[in-house]
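One structure is given below, encoded as structure tokens.
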Amino acid sequence: GTNLKSPENGRVCIIDDNFILKWNSNSESVRNVTFSAEYKIPGMDNWKKLPGCQHITSTECNFSSVKLKNVYEKIELRIRAEKGNNTSQWHEVKPFIPFQKAQIGPLDVHLEAEDKAIIINISPPGTKDSIMWALDHPSFVYSLVIWKNSSSLEERTETVYSRDKIYKLSPETTYCLKVKAELRSPRRVGLYSPVYCINTTEKHKVPAPENIQIDAENQVYVLKWDYAYENTTFRAQWSQIPGSHSDKWKQIPNCEDVKTTHCVIPQNVFPEGIHRIRVQASNGNNTSFWSEEKIFNTEMKTIIFPPVISMKSVNDDSLHVSIGAPKESENKSVNQLYPLIYEVIFWENTSNAERKVVEKRTDFTFPNLKPLTVYCVKARALTENDKWNKSSVFSDTVCEKTKSVLLRCINYVFFPSSKPPSTVDEYFSEPPVRNLLLSTSEERTERCSIIENANILTVIEETNPIDEDHKKYNSQTSQDSGNYSNEDENSGSKISEELLQQETV
């Protein structure tokens, strides 16, 4: 006949796959009181008894045995006090989503010792059949704190993989460490593992190679390392990340039983992605421990070659630039792995002022240039996607001279369908002759003479300014167009002399 008060402050604590329900009791003064809980999930019409939480004498219970199909669905819980046939009112716990409540628990760690390193094996959070972190195992990041047992003041913190090595340690020394797991998204920091300690071994007879480096050169990778002792052979292995650290090491072609401290590797050995590389030394029957592992990304190491450019004069005031693939990559272009754009730098040879164009196209025209002026150009290739952020070095500089305005007149009038003799091109490019033949800036009339035969001379007056693109010319029809053919290498100078005579008249 005693009135039982309902439990209060019901709450849930979840660590990995362990589900704990806790509450406060208002019936401490009543003997033989127990507690029971029920649950309900989406799709259930009625409340069901919560396994592990029936007739509990304490104020908490473990309900990890509940077979949840989805840790992202909301759960409802309720608790009541009971004594004999008497029960209290139900106390309802605030509904919750298990994944949002869950905390990353302490990790289980196994250690192996070398002379200057410790191999660490970390068991992922949760149980083997964990449903809480089933989708997150590849996303865990592990943070390790290590120190000499004799001094906790020399702590160092590193980010490690689930199986990794801690380098740069001293032989025959006791080290202690602890590890925790983290998720970046959603942001969640786990609890530290217990502290583990281990002794490193005595110094090994055959030292491990050091300072591992890998560089891209043309279509190959060059793997290098440092080693101070002679009469030694080496071998190198690689493993892809992510992946098991212990079971997927592969021998690198051309890097087995080598006697030099480098080896050359075809680039197609490594698929695109992030990889580990390690090197081991051997002296007779004795081998070293594996070197410190070198992490490299194929995208960061691949070289983008500079383009090949050409430039030519297309009009009196324009230069055309073409961009082509580099010769080094004609067989299998590394540049084809990336969408490219081009940065083109163009400038007058005697000036520091530059024009810069960044385009995906490979043809550029620079108009409205000065006549008889040398212009230069260079270009480099850039990755179109900012993710890679790679670029080539600049190409060789190419320079070209623009044509003369007067030379275009000669091309049009004297040689409409063919190229003028080289002597004409050279003669009319010289400043003294150009100044003599062209009128001064104050004069608005240009006199040109066309010699059609020995007896006929026609004078044409041009009233338009000489620097306009279109000029009007008129002449009597020649009886023999052959008079203007390129038969004599001195024809350009003869024409010029007669023009001077006419100017005197």
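The values are calculated or read from the model by the stated rules, or taken from the named source; none is laboratory data. Keep in mind it's a predicted model, so treat the numbers as computed, not measured. Reconstructed Cβ throughout: ideal geometry from the backbone, glycine too, with neighbour counts over all protein chains shown. The accessibility values were calculated without ligands, DNA or RNA, using every heavy atom of the protein model including side chains. Shrake-Rupley method; radii C 1.70, N 1.55, O 1.52, S 1.80 Å.
So here's what we get for this one:
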item: Residues (exposed (fewer than 14 other Cβ atoms within 10 Å of the Cβ) and within 14 Å of GLU82 (Cα to Cα)) located in region 55-69; result: HIS55, THR57, SER58
item: Which numbered condition ASN231 fails, given (1) under 35 Å from the mean Cα position of the chain (by Cα); (2) farther than 23 Å from PHE140 by Cα; (3) open to solvent by 80 Å² or more (accessible area, probe 1.4 Å); result: (1)
item: Residue within region 65-75 that is modelled with pLDDT under 95, over 30 Å from LYS178 (Cβ atoms) and among the polar types (S, T, N, Q) present; result: yes
item: Residues within region 176-217 that are assigned to a loop (DSSP other than H, G, I, E, B), within 28 Å of SER291 (Cβ to Cβ) and open to solvent by 80 Å² or more (accessible area, probe 1.4 Å), tallied; result: 3
item: Candidates TRP90, TRP47, filtered to the one that is open to solvent by 70 Å² or more (accessible area, probe 1.4 Å), under 20 Å from PRO7 (Cβ atoms) and hydrophobic (A, V, I, L, M, F, W, C); result: TRP90
item: Residue in region 21-30 that is farther than 27 Å from LYS180 by Cβ, of a type in the set (Ser, Thr, Tyr) and surrounded by 16 or more Cβ atoms within 10 Å (Cβ to Cβ) present; result: yes
item: Count of residues meeting criterion [assigned to a strand (DSSP E or B), open to solvent by less than 50 Å² (accessible area, probe 1.4 Å) and either within 14 Å of TRP249 (Cβ to Cβ) or at pLDDT 90 or above (or both)] in region 259-300; result: 10
item: Any hit, region 148-165, residues being without any contact (Cβ under 8 Å) to a residue 40 or more places away in the chain, assigned to a strand (DSSP E or B) and open to solvent by less than 60 Å² (accessible area, probe 1.4 Å); result: yes
item: Every residue from region 25-39 that is within 17 Å of CYS53 (Cβ to Cβ) and of a type in the set (A, V, I, L, M); result: VAL33, ALA37
item: Any hit, region 82-96, residues being among the aromatic types (Phe, Trp, Tyr), in contact with a Cys (Cβ under 6 Å, 6 or more places away or on another chain) and either in the same structural domain as THR173 (by the TED database) or touching a residue at least 24 places away in the same chain (Cβ under 8 Å) (or both); result: no
item: Candidate set from region 70-87 (those that are open to solvent by 90 Å² or more (accessible area, probe 1.4 Å) and not charged (D, E, K, R)); member that is nearest to LEU4 (Cα to Cα); result: ASN85
item: Tally, over region 27-76, of residues that are outside any strand (DSSP E or B), under 19 Å from LYS94 (Cβ atoms) and touching a residue at least 40 places away in the same chain (Cβ under 8 Å); result: 5
item: Residue within region 100-115 that is outside any strand (DSSP E or B), without any contact (Cβ under 8 Å) to a residue 24 or more places away in the chain, closer than 21 Å to GLU182 by Cβ and open to solvent by 30 Å² or more (accessible area, probe 1.4 Å) present; result: yes
